[in-house]
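Shown next, in C-alpha cells, is the structure this report addresses.
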Amino acid sequence: MASTITHTVKLNNGVEIPQLGFGVFRLEHGEEAEQGTLWALEAGYRHIDTAAAYRNEESVGRAVARSGIPRAEIFITTKVRDGDQGYATTKRACEESLRRLGTDFVDLYLIHWPNDARMADTWRAMQELREEGKCRALGVSNFTVKRLDFFFTLSDEAPTVNQVEFHPFNYDAAFLAYCGKKGIVAEAYSPLTRAQRLDDPTVGRLARAHGKTPAQILIRWNLQHGVITIPKSARQARIVENADVFDFELSAEQMAALDALSEGFFAITYRPENWY
Ligand SMILES: NC(=O)c1ccc[n+]([C@@H]2O[C@H](COP(=O)([O-])OP(=O)(O)OC[C@H]3O[C@@H](n4cnc5c(N)ncnc54)[C@H](OP(=O)(O)O)[C@@H]3O)[C@@H](O)[C@H]2O)c1
C-alpha cells in the first residue's frame, strides 16, 4: 500500500516507477510548465508525465535542471505522438524529445495513441531505443483490451504500462484484471475527471469523513487500486494538496462505494474510432 510520495511500483522489466506522478498536459510551454514542474518537484513528486504533443518538454527539462535534484532521482515519461509513429520517425521523435528535455534517456516512453498500421514499426523502433539506453521502459497509452489483443499479435513483449483515463466514473474491473494478467501496470490519466465530478455527493461524503478534499479522495482511490496516477494542476496549493494523500486509507466499503459510481464517463473529448 502506498505510504509515501516516493512509493514505487515495479514494472515487468524491473524498473521502479513512483506511483504518484505529476501530469503536465495543458501547462503552457514556458513559465507555466517550468514553474508547475518545479513546484511539483519541491512538493516531493519524483515522476513527471509529459509528451511531445504537449509542447512543453523543454520547460520540463529546464525545471528538472533548475531543481538541482539528480536526474537519476526523477522519473520522466514522454510519448511518441501519432504523426511520428513508424520506424524511422519514432527514432527521430525520441531523439528530439531527449534534446528538448535535456536528458540522455527517458524512464518511460509510450505510444501516445494506438495506430494499428504503424504499431509494429513504432514498437520495434522503441525496443531499439531501449537497447541503445535512450528509454528504460516502454509502454502504451489509450489501448483498450481490443487494441492490446491486437498488440499481442505483433509482439511477445508486453508493454510495461498502459496509460488510460481512469477514475471512479469510468471504473472497469475487467480492464484492470486484463492488464494485471498480462503484466501491464495501468496508469490513470485525468484521475480528477478534469474537475468535472469533484462535486459528486459520494466523493464529498468520503472527503468529509476523512477530513480530505474530493481530489484527494479520487487520487487515493487510484493508489489503492494499485494504478499509477498523474494528476495535473497549474496551482502550487493544489499540487501540494494532490500529494497529501498518504495519511489516510479508504476502507473496502468506501472503495466499493466509489467503484459503484462508474457511469462510462470520459473527461477527454478526443476519442478516435481506432481506440476501440
Ligand atoms: N495519454 C493521454 O492521452 C493523456 C490524456 C490526458 C491526460 N494525460 C496525462 O494525465 C495528466 C492528468 O490529466 P488531466 O490533466 O487531463 O486531468 P486531471 O488531472 O484529472 O485534472 C486537471 C484539472 O483539475 C484541476 N485540479 C487539479 N487539482 C485540483 C484540486 N486539488 N482541486 C480542484 N481542482 C483541481 C486542474 O485545474 P488547475 O490546473 O487550475 O488547478 C485541472 O483543471 C495530464 O496532465 C497528462 O500528463 C494523458
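The values are calculated or read from the model by the stated rules, or taken from the named source; none is laboratory data. Model, not experiment: these values are computed from the prediction. Note that each Cβ is placed from the backbone with ideal geometry, even for glycine, and that neighbours are counted across all protein chains shown. Side chains included, ligands, DNA and RNA excluded: accessible areas come from the protein's heavy atoms. Shrake-Rupley method; radii C 1.70, N 1.55, O 1.52, S 1.80 Å.
If you go through region 53-85 and keep only what is open to solvent by less than 60 Å² (accessible area, probe 1.4 Å) and assigned to a loop (DSSP other than H, G, I, E, B), you end up with ASN56, ILE69, ILE74, GLN85. Residue-level check: of (1) under 30 Å from ASP116 (Cβ atoms); (2) modelled with pLDDT of 95 or more; (3) outside any helix (DSSP H, G or I), GLY264 misses just (2). Being over 19 Å from LYS134 (Cα atoms), buried (at least 16 other Cβ atoms within 10 Å of the Cβ) and touching a Gly at 6+ places or on another chain (Cβ under 9 Å) is the requirement here; does ALA40 meet it? Yes.
Which of (1) in contact with a Gly (Cβ under 8 Å, 6 or more places away or on another chain); (2) more than 9 Å from the ligand (Cβ to nearest atom); (3) open to solvent by 20 Å² or more (accessible area, probe 1.4 Å) is the odd one out, the single condition ASN170 does not satisfy? Of (1) in contact with a Gly (Cβ under 8 Å, 6 or more places away or on another chain); (2) more than 9 Å from the ligand (Cβ to nearest atom); (3) open to solvent by 20 Å² or more (accessible area, probe 1.4 Å), only one is false for ASN170: (3). Could you tell me which residue of region 194-212 is farthest from the ligand (Cβ to nearest atom), considering only residues that are touching a helix residue (DSSP H, G or I) at 6+ places or on another chain (Cβ under 6 Å) and touching a residue at least 12 places away in the same chain (Cβ under 8 Å)? Selected residue: THR202. Checked against (1) within 21 Å of LEU250 (Cβ to Cβ); (2) within 15 Å of the ligand (Cβ to nearest atom); (3) part of a helix (DSSP H, G or I), LEU176 passes all but a single condition, namely (2).
Residue under question is ALA158, and the condition is that it be away from the ligand (no atom under 13 Å from the Cβ) and buried (at least 18 other Cβ atoms within 10 Å of the Cβ); does it hold? Answer is yes for this residue. Take LEU27 and decide whether it is crowded, with 22+ Cβ neighbours inside 10 Å, under 28 Å from ALA267 (Cα atoms) and away from the ligand (no atom under 15 Å from the Cβ). No: the conditions fail for LEU27. Got at least one residue in region 123-137 being over 15 Å from ALA93 (Cα atoms), over 20 Å from the mean Cα position of the chain (by Cα) and in contact (Cβ under 8 Å) with a residue 60 or more places away in the chain? No, because not a single residue in region 123-137 is over 15 Å from ALA93 (Cα atoms), over 20 Å from the mean Cα position of the chain (by Cα) and in contact (Cβ under 8 Å) with a residue 60 or more places away in the chain.
Could you please tell me which pairs satisfy a Cβ distance under 7 Å, a separation of 6+ or placement on different chains, a first residue in region 104-121 that is among the charged types (D, E, K, R), and a second residue that is open to solvent by 50 Å² or more (accessible area, probe 1.4 Å)? Close Cβ pairs satisfying both conditions: ASP107/ARG136; ASP116/PHE150; ASP116/ASN274; ASP121/TYR87.
The residues listed here are THR89, THR6, THR78; of these, the one that is without any contact (Cβ under 8 Å) to a residue 60 or more places away in the chain, more than 16 Å from the ligand (Cβ to nearest atom) and under 17 Å from the mean Cα position of the chain (by Cα) is THR6. Looking only at region 237-254, decide whether some residue is part of a loop (DSSP other than H, G, I, E, B), aliphatic (A, V, I, L, M) and surrounded by fewer than 19 Cβ atoms within 10 Å (Cβ to Cβ). No, the conditions are met nowhere in region 237-254.
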